[in-house]
Amino acid sequence: MEKIISFTGEHEGTVDAKSRIVLPAVYKKRMMESGRDRFIARKDLYEKCLVLYPEEVWNEMHRHINESTNPFNREDRDLKRKINKNVFEVLISENGRMLIPKRYLDMANITKNVKIAGQVNYIEIWDLEAYNNLDDESTEFSENLNKKLGNKVE
């Protein structure tokens, strides 16, 4: 079984004129040390951001989806189609740059300045202003956290 790479922390960056973003050095180092040089990416299902998955994480999600769906059920096929719509591969160059096709940047309303946020087993890329406008201190957030985790965290 492959070791899962952990991505934590937030990093700022920019999109250059050729639609490239530099992967933070700490993330690049972890990818290269594990012999990986690409992500499977897509626009997030819920938010205006892009999500980059290491291939083994993407494959594990699909294994779970395949085990939970019936290929002969229309709703299940529609679900899989929507999950796989607008998926693209992101290669990491030797200098750590990632080419993100402009149409995907447009889908996520990403222009120039970005926030690259590690979410443990995947990475989110946000427009910097949109990310800064997220409300992490809301009562709803803390209530949802308590509802999901309650006293499971020590």
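Throughout, read-outs are computed from the coordinates displayed, never taken from laboratory work. Fair warning: this is a prediction, and the values are worked out from it, not measured in the lab. Virtual Cβ from ideal backbone geometry, glycine too; neighbours counted across all protein chains shown.
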Which pairs have Cβ atoms under 7 Å, sit 6 or more apart or on different chains, and link a residue in segment 67-95 that is touching a residue at least 12 places away in the same chain (Cβ under 8 Å) and surrounded by 10 or more Cβ atoms within 10 Å (Cβ to Cβ) to one that is hydrophobic (A, V, I, L, M, F, W, C) and part of a loop (DSSP other than H, G, I, E, B)? Val90/Ile100; Ile92/Leu23
Residue set Asp135, Asp106, Asp78; condition under 28 Å from Gly13 (Cα atoms), in a helix (DSSP H, G or I) and of a type outside the set (Val, Ile, Thr); output residue Asp106
I'd like the full set of residues that are of a type in the set (Lys, Arg), within 19 Å of Gly9 (Cα to Cα) and either out of contact with any Gly (no Cβ under 6 Å at 6 or more places or on another chain) or outside any helix (DSSP H, G or I) (or both), limited to segment 21-42. Lys29, Arg30
What are the residues in segment 43-75 that are farther than 30 Å from His11 by Cβ and among the hydroxyl-bearing types (Ser, Thr, Tyr), if any? Ser68, Thr69
So which residues in segment 2-42 are on the phi > 0 side of the Ramachandran plot and either without any contact (Cβ under 8 Å) to a residue 24 or more places away in the chain or among the hydrophobic types (A, V, I, L, M, F, W, C) (or both), if there are any at all? Gly35
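Can you find a residue that is part of a helix (DSSP H, G or I) and buried (at least 20 other Cβ atoms within 10 Å of the Cβ) anywhere in segment 114-131?
yes
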Determine whether segment 43-57 contains at least one residue that is without any contact (Cβ under 8 Å) to a residue 60 or more places away in the chain, exposed (fewer than 14 other Cβ atoms within 10 Å of the Cβ) and either in a strand (DSSP E or B) or β-branched (Val, Ile, Thr) (or both). no
